[in-house]
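Reading through the structure tokens given below for one structure.
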Amino acid sequence: MNILLVYPKYPETFWSFKSILKFISKKAALPPLGLLTIAAMLPAEWNKKLLDVNVTELKDEHLQWADMVFLSAMMIQIDNARQIIERCKALGKAVVAGGPGPTIHQEAFAGVDHFVLDEAEVTLPIFLADLEKGEPKPVYTSPIKPDINQTPIPLWSLLNFKDYATMALQYSRGCPFNCEFCDIIVLYGRKPRTKSPEQIINEIQSLYDAGWRGKLFVVDDNFIGNKVNVKKMLPQLIGWQKSHKYPFTLLTEASTNLAEDDELMQMMSAANFYKVFLGIETTNLESLKECEKFQNTKHDLEEAVEILHHNGLQVMGGFIVGFDNDTDSIFDAQIKFIQKVGIVTAMVGLLNAIPHTRLWHRLKTEGRLIKETTGENTDGSLNFVPKMGKEKLLEGYQKIISTIYSQKNYYARINTFIKHYRPTAKDRIGLEDLKATVRSFWSIGILSRARFLYWKLLLKTSLSKIKALPMAIELAIYGLHFEKYLKKITNT
């Protein structure tokens with residue numbers, strides 16, 4: 001059987017970085033890890049091809065080759081996913097769909113022949129058994145949260161590594177916290193499940209053997225959700241990295257309580273982690289209580305960011321406005337916090353109600369839902385009626401974005417970050433990095449209106465903290481993407 005695994009196109013978003021991937025001659029930021037894992041679960045005798053629409057145009061000849069099309073998507077990819085489904089149906093191809101988008105909002109993916117939802121370790125084998133009998137059902141779902149110790153190594157052979165800026169792997173699923181707006185606990189539960197140390201090392205070794213070197217994103221929604229297990233795994237990762245001369249530079253997502261654990265921070269730094277995304281959300285204590293993000297109320301968030309920077313972990317921050325307890329003061333408060341602590345990559349979004357989250361159920365009960373979410377909380381769209389009022393919220397949101405991503409304030413944050421940052425990562429400077437640096441000299445140092453800020457940053461960093469210079473250049477290049485993002489949000 002010929003199986004085509006298709007990953008829909010992402011729209012231009014805060015995280016897409018499409019406009020700057022050319023600096024490193026890449027086509028997409030990350031590969032479709034879920035489909036690569038699914039491919040490894042399918043019968044070995046089947047012929048498999050991966051088509052990532054973010055990298056390669058989907059042509060009719062690709063679909064005509066396939067006996068069946070497997071599609072995975074997040075909500076943000078829904079528009080292109082629908083187009084792909086329509087094309088498949090027009091050519092008489094059966095479509096099997098799964099992943100976060102279909103699992104959360106199955107109704108939005110009309111035309112799919114077979115939904116294999118929730119976690120594939122449970123539902124995919126049942127579908128495959130029924131398919132072999134010639135009796136596949138329309139929907140497969142299960143509340144079971146499986147042990148992921150048996151999850152296979154992704155089928156890296158389907159990828160062209162040269163197309164991607166960063167590789168991805170998963171260590172754990174689930175999060176112990178219970179934030180009202182979050183769909184992670186809906187998808188994966190509140191009991192974090194991890195791969196064994198031996199399993200994750202084998203997976204990393206497989207990437208190494210396949211030829212990958214460079215950045216590696218551990219895609220867990222909370223890498224430290226199970227601290228006991230992660231502390232058992234990290235020493236083996238540290239040893240592997242050291243014995244292989246640190247071929248991978250890692251980044252991940254975590255909760256803010258990471259800053260309370262010196263041992264864990266030091267272990268992550270030793271394992272060559274250099275970035276961590278934190279869901280900070282808001283400086284408003286009442287709003288944190290409202291969404292039950294109590295883990296962020298137990299310590300000083302400003303201090304937490306500074307501690308992580310001191311431990312060699314650059315903080316990328318997620319922020320939200322639009323909570324019921326937000327007042328007019330929230331916009332200036334968010335700006336002040338972001339600028340003061342030097343979170344350069346600050347993703348500020350509008351609160352959105354994702355289907356089947358506790359927030360969604362509450363707002364539905366209150367009669368405040370107005371449409372389905374786009375899956376993108378940084379595009380300026382709302383799917384509920386905010387207590388603050390729509391116009392006031394949107395005006396304040398645009399104020400935050402236009403302020404923090406002005407060139408002056410953006411470069412001010414880079415300088416603040418560099419001042420507090422203590423680089424620990426052993427990052428290999430490759431030919432692509434050198435090319436990106438030279439291209440930045442032209443694109444930013446000569447052509448950009450930020451050229452004086454750029455050269456001042458490079459000179460200051462070279463004199464005060466030379467080890468942070470590659471990071472400073474990287475963040476300056478990111479600034480070009482954020483300029484385009486700002487124009488999109490503010491319609492300027």
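The values are calculated or read from the model by the stated rules, or taken from the named source; none is laboratory data. All values derive from a computational prediction rather than experimental measurement. Cβ coordinates were reconstructed from backbone atoms using ideal geometry, including for glycine residues, and neighbour counts include every protein chain displayed.
The residues of region 225-249 that are under 21 Å from the mean Cα position of the chain (by Cα) and farther than 18 Å from residue 198 by Cα, listed by number, are 225, 249. Taking the condition in contact (Cβ under 8 Å) with a residue 12 or more places away in the chain and either assigned to a helix (DSSP H, G or I) or of a type outside the set (D, E, K, R) (or both), does residue 367 pass? Against the criterion (in contact (Cβ under 8 Å) with a residue 12 or more places away in the chain and either assigned to a helix (DSSP H, G or I) or of a type outside the set (D, E, K, R) (or both)), residue 367 does not qualify. Among the residues of region 191-213, is any surrounded by 14 or more Cβ atoms within 10 Å (Cβ to Cβ), within 16 Å of residue 118 (Cα to Cα) and of a type in the set (Val, Ile, Thr)? Within region 191-213, none of the residues are surrounded by 14 or more Cβ atoms within 10 Å (Cβ to Cβ), within 16 Å of residue 118 (Cα to Cα) and of a type in the set (Val, Ile, Thr). Residues in region 9-47 that are modelled with pLDDT of 95 or more and hydroxyl-bearing (Ser, Thr, Tyr): 37 only. Checked against the criteria, residue 304 does not count as of a type in the set (A, V, I, L, M), part of a loop (DSSP other than H, G, I, E, B) and either over 16 Å from residue 392 (Cβ atoms) or at pLDDT 95 or above (or both).
Scanning region 438-479 for residues that are without any contact (Cβ under 8 Å) to a residue 60 or more places away in the chain, crowded, with 17+ Cβ neighbours inside 10 Å, within 13 Å of residue 414 (Cα to Cα) and not hydrophobic (A, V, I, L, M, F, W, C) turns up 454, 461, 470, 474. Would you point out the residue of region 153-179, among those that are charged (D, E, K, R) and surrounded by fewer than 19 Cβ atoms within 10 Å (Cβ to Cβ), that is farthest from the chain's Cα centre (by Cα)? Here the answer is 162. Looking for something over 24 Å from the mean Cα position of the chain (by Cα), modelled with pLDDT of 95 or more, closer than 19 Å to residue 465 by Cα and polar (S, T, N, Q) - is there at least one such residue anywhere in region 400-416? Within region 400-416, one or more residues are over 24 Å from the mean Cα position of the chain (by Cα), modelled with pLDDT of 95 or more, closer than 19 Å to residue 465 by Cα and polar (S, T, N, Q). In region 34-77, of all residues being closer than 30 Å to residue 352 by Cβ and either among the polar types (S, T, N, Q) or in contact with a His (Cβ under 7 Å, 6 or more places away or on another chain) (or both), the one that is surrounded by the fewest Cβ atoms within 10 Å (Cβ to Cβ) corresponds to 37. For region 119-147, the set of residues classified as touching a Pro at 6+ places or on another chain (Cβ under 8 Å) and either aliphatic (A, V, I, L, M) or under 19 Å from residue 172 (Cα atoms) (or both) consists of 119, 121, 122, 128, listed by residue number. Pairing residues of region 207-224 that are closer than 21 Å to residue 257 by Cβ with residues that are surrounded by fewer than 23 Cβ atoms within 10 Å (Cβ to Cβ) and of a type in the set (D, E, K, R), at Cβ distances under 7 Å and at least 6 apart in sequence or on separate chains, gives 220/253; 221/253; 222/253; 223/253. Within region 135-151, the set of residues being of a type in the set (S, T, N, Q) and either within 19 Å of residue 96 (Cβ to Cβ) or at pLDDT 95 or above (or both) comprises 141, 142, 151. Restricting attention to region 328-357, the residues that are part of a loop (DSSP other than H, G, I, E, B), of a type outside the set (Ser, Thr, Tyr) and crowded, with 19+ Cβ neighbours inside 10 Å total 8. Taken together, 325, 296, 257 contain a single residue that is among the polar types (S, T, N, Q) and buried (at least 22 other Cβ atoms within 10 Å of the Cβ), which is 296.
Taken together, the residues in region 232-285 that are part of a strand (DSSP E or B) and not hydrophobic (A, V, I, L, M, F, W, C) amount to 7. Considered as a group, the residues in region 299-320 that are of a type in the set (A, V, I, L, M, F, W, C) and closer than 12 Å to residue 280 by Cβ include one that is surrounded by the fewest Cβ atoms within 10 Å (Cβ to Cβ), and that residue is 316. Among the residues of region 425-437, the ones that are surrounded by fewer than 18 Cβ atoms within 10 Å (Cβ to Cβ) and out of contact with any Pro (no Cβ under 9 Å at 6 or more places or on another chain) come to 6 in all.
Within region 205-222, the set of residues being in a helix (DSSP H, G or I) and either within 19 Å of the chain's Cα centre (by Cα) or aromatic (Phe, Trp, Tyr) (or both) comprises just one member, 208.
On inspection, residue 99 passes the criterion of being within 25 Å of residue 202 (Cβ to Cβ), touching a helix residue (DSSP H, G or I) at 6+ places or on another chain (Cβ under 6 Å), small (Gly, Ala, Ser) and assigned by TED's automatic domain parsing to the domain that holds residue 21.
Is it the case that region 175-186 has a residue that's part of a helix (DSSP H, G or I), at pLDDT 95 or above and either in contact with a helix residue (DSSP H, G or I) (Cβ under 6 Å, 6 or more places away or on another chain) or among the basic types (Lys, Arg) (or both)? Within region 175-186, not a single residue is part of a helix (DSSP H, G or I), at pLDDT 95 or above and either in contact with a helix residue (DSSP H, G or I) (Cβ under 6 Å, 6 or more places away or on another chain) or among the basic types (Lys, Arg) (or both).
Across region 8-35, the number of residues qualifying as over 30 Å from residue 437 (Cα atoms) and in contact with a helix residue (DSSP H, G or I) (Cβ under 6 Å, 6 or more places away or on another chain) comes to 1.
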